[in-house]
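Trainee: Pasting a structure below so you can have a look.
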Amino acid sequence: MESAIGELEGGECVVFSSGMAAISALLLTLLRPGDTVVLPSDGYYKTRAFAAQTLAGLGVTIREVPTAGPYPAFDGVRLVLLETPANPGLDVCDIAAVAASAHAAGALVAVDNTTATPLGQRPLDLGADVSVGSGTKALTGHSDLVLGYVCTRSGDLAGRLRAWRDATGAVPGPFEAWLAHRSLGTLDLRLARQSANAAAVADLLADRPDVTGVRWPGLPRDPAYPVAVRQMRRFPGVVTFTLASASTVDGFLAASRLVARATSFGGLHTTADRRAQWGDDTPAGLVRLSCGVEDTADLVADITAALDVAGGRR
């Protein structure tokens, strides 16, 4: 499995028992007291919580910057961690430009590639030193395992990460590894349908007056599109939008026949999550919708009907 993911990302791969096991191993391997790390202020909230609760207590200085920037000078920074597209807001940043600026200041660059997957973009080819991801999501895509990985072209760093993993017991089980490797065989097929569904759903949502804040990097009117279209080979199956209130979201999910309530994403079935309930700094009605592999027309029709019910049109 490490060989397969490594080939997709273009580097040496070390797998972990979860995405957070992978990213915490990376942070704790690279950072020491007195170091400074730059994190995305709009990225995965558990990463920011880990930094605030653990890294800060170890004497690491935390700086948070929005994914879309602007980025400060990186003088004195040890590590810049990017998440592009960011979860859940789906902003993107120019990996090559940030990496060039960070490297000029002597900083390393890591990219959380969970949302894009290596078929969507290859951060190492764009200048990043590390690509890290949760294999729990779209990479394996069957909602039946928990997994993480780190890829790098530095043999020394890969060795240090493997030593950390073995010492802390963050090794995935053999059955999970088998399931993950099996799932990679359908990755291209799954992502193609998920991306097509996301395009159709984004178009639908963008034209509805009861929906605001529609974000999908593949939408030409999206502010992230100019950067995303240059550096991404495929757009993700995740769409973010905002409904009027938390109760409207509840009504939408209750009325839908195809959209399940779930906090993970990237699986075969379309799921939605109201992110504010988990601690993300988002509007109460913000929804992260992960498109599955259902028939596109069926999915669009179901979401349309569910939104009509939630908005009182039926």
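Trainee: Would you check which residues across the range 145-177 are in a loop (DSSP other than H, G, I, E, B) and small (Gly, Ala, Ser) and list them?
Mentor: If we filter the range 145-177 for residues that are in a loop (DSSP other than H, G, I, E, B), which is where we start, we get 145-147, 153-154, 169-173.
Residues satisfying the conditions are 154, 169, 170, 173.
Trainee: Now, a different point. Taking only the range 1-27 into account, find how many residues are open to solvent by 40 Å² or more (accessible area, probe 1.4 Å), out of contact with any helix residue (DSSP H, G or I) (no Cβ under 7 Å at 6 or more places or on another chain) and over 17 Å from residue 175 (Cα atoms).
Mentor: 2
Trainee: Output the residue which, of all residues in the range 278-314 that are aliphatic (A, V, I, L, M) and outside any helix (DSSP H, G or I), is farthest from residue 64 (Cα to Cα). Let's see the steps before the verdict.
Mentor: Quick first cut of the range 278-314, residues aliphatic (A, V, I, L, M) only: 284, 286-287, 289, 293, 297, 299-301, 303, 305-307, 309-310.
Among the residues that remain, those that are also outside any helix (DSSP H, G or I) are: 284, 286-287, 289, 293.
Details: 284: 22, 286: 22, 287: 23, 289: 25, 293: 35 Å.
Per the criteria, the residue is 293.
Trainee: What are the residues in the range 281-295 that are surrounded by fewer than 20 Cβ atoms within 10 Å (Cβ to Cβ) and either under 18 Å from residue 135 (Cα atoms) or touching a Gly at 6+ places or on another chain (Cβ under 9 Å) (or both), if any?
Mentor: Step one: of the range 281-295, the residues surrounded by fewer than 20 Cβ atoms within 10 Å (Cβ to Cβ) are 281, 283-284, 294-295.
Matches in the range 281-295: 283 only.
Trainee: Also, quick follow-up: Return the total of residues in the range 227-240 being farther than 16 Å from residue 112 by Cβ and either in contact with a Phe, Trp or Tyr (Cβ under 9 Å, 6 or more places away or on another chain) or open to solvent by 70 Å² or more (accessible area, probe 1.4 Å) (or both).
Mentor: Here the count works out to 7.
Trainee: Which members of the range 99-128 meet the condition of being over 21 Å from residue 19 (Cβ atoms), open to solvent by 10 Å² or more (accessible area, probe 1.4 Å) and not hydroxyl-bearing (Ser, Thr, Tyr)?
Mentor: Narrowing the range 99-128 to residues over 21 Å from residue 19 (Cβ atoms): 99-107, 125, 127.
Keeping just the survivors that are open to solvent by 10 Å² or more (accessible area, probe 1.4 Å) gives 100-101, 103-106, 125, 127.
Once the filter is applied, which keeps residues that are over 21 Å from residue 19 (Cβ atoms), open to solvent by 10 Å² or more (accessible area, probe 1.4 Å) and not hydroxyl-bearing (Ser, Thr, Tyr), the range 99-128 yields 100, 103, 104, 105, 106, 125, 127.
Trainee: What are the residues in the range 186-209 that are part of a loop (DSSP other than H, G, I, E, B) and surrounded by 15 or more Cβ atoms within 10 Å (Cβ to Cβ), if any? Walk me through how you get there before you give the answer.
Mentor: At the first step, the residues of the range 186-209 found to be part of a loop (DSSP other than H, G, I, E, B) are 207-209.
Once the filter is applied, which keeps residues that are part of a loop (DSSP other than H, G, I, E, B) and surrounded by 15 or more Cβ atoms within 10 Å (Cβ to Cβ), the range 186-209 yields only 208.
Trainee: Within the range 139-163, how many residues are in contact (Cβ under 8 Å) with a residue 12 or more places away in the chain and under 18 Å from residue 6 (Cβ atoms)?
Mentor: First, pick out the residues of the range 139-163 that are in contact (Cβ under 8 Å) with a residue 12 or more places away in the chain: 139-155, 157-158, 160-162.
After this cut, where a residue has to be under 18 Å from residue 6 (Cβ atoms) as well, the list is 139-140, 147-155, 157-158, 160-162.
Residues that pass the stated criteria total 16.
Trainee: Output the residue which, of all residues in the range 56-81 that are outside any loop (DSSP other than H, G, I, E, B) and within 23 Å of the chain's Cα centre (by Cα), is surrounded by the most Cβ atoms within 10 Å (Cβ to Cβ). I'd like the intermediate steps shown before the answer.
Mentor: Here is the first cut: in the range 56-81, the ones outside any loop (DSSP other than H, G, I, E, B) are 56-58, 61-65, 79-81.
Within this subset, residues satisfying the condition of being within 23 Å of the chain's Cα centre (by Cα) are 62-65, 79-81.
Numbers: 62: 13, 63: 14, 64: 14, 65: 20, 79: 22, 80: 27, 81: 23.
Checked the range 56-81; the qualifying residue surrounded by the most Cβ atoms within 10 Å (Cβ to Cβ) is 80.
Trainee: Could you check the range 40-55 and list, in sequence order, the residues that are open to solvent by 50 Å² or more (accessible area, probe 1.4 Å) and aliphatic (A, V, I, L, M)?
Mentor: The answer is 52, and nothing else.
The values are calculated or read from the model by the stated rules, or taken from the named source; none is laboratory data. Predicted model only: the values in this text are computed from it and were never measured. A quick note on method: Cβ atoms are made from the backbone with ideal geometry, for glycine too, and the neighbour counts reach across all protein chains shown. Keep in mind that these areas ignore ligands, DNA and RNA; they rest on the heavy atoms of the full protein, side chains included. Shrake-Rupley method; radii C 1.70, N 1.55, O 1.52, S 1.80 Å.
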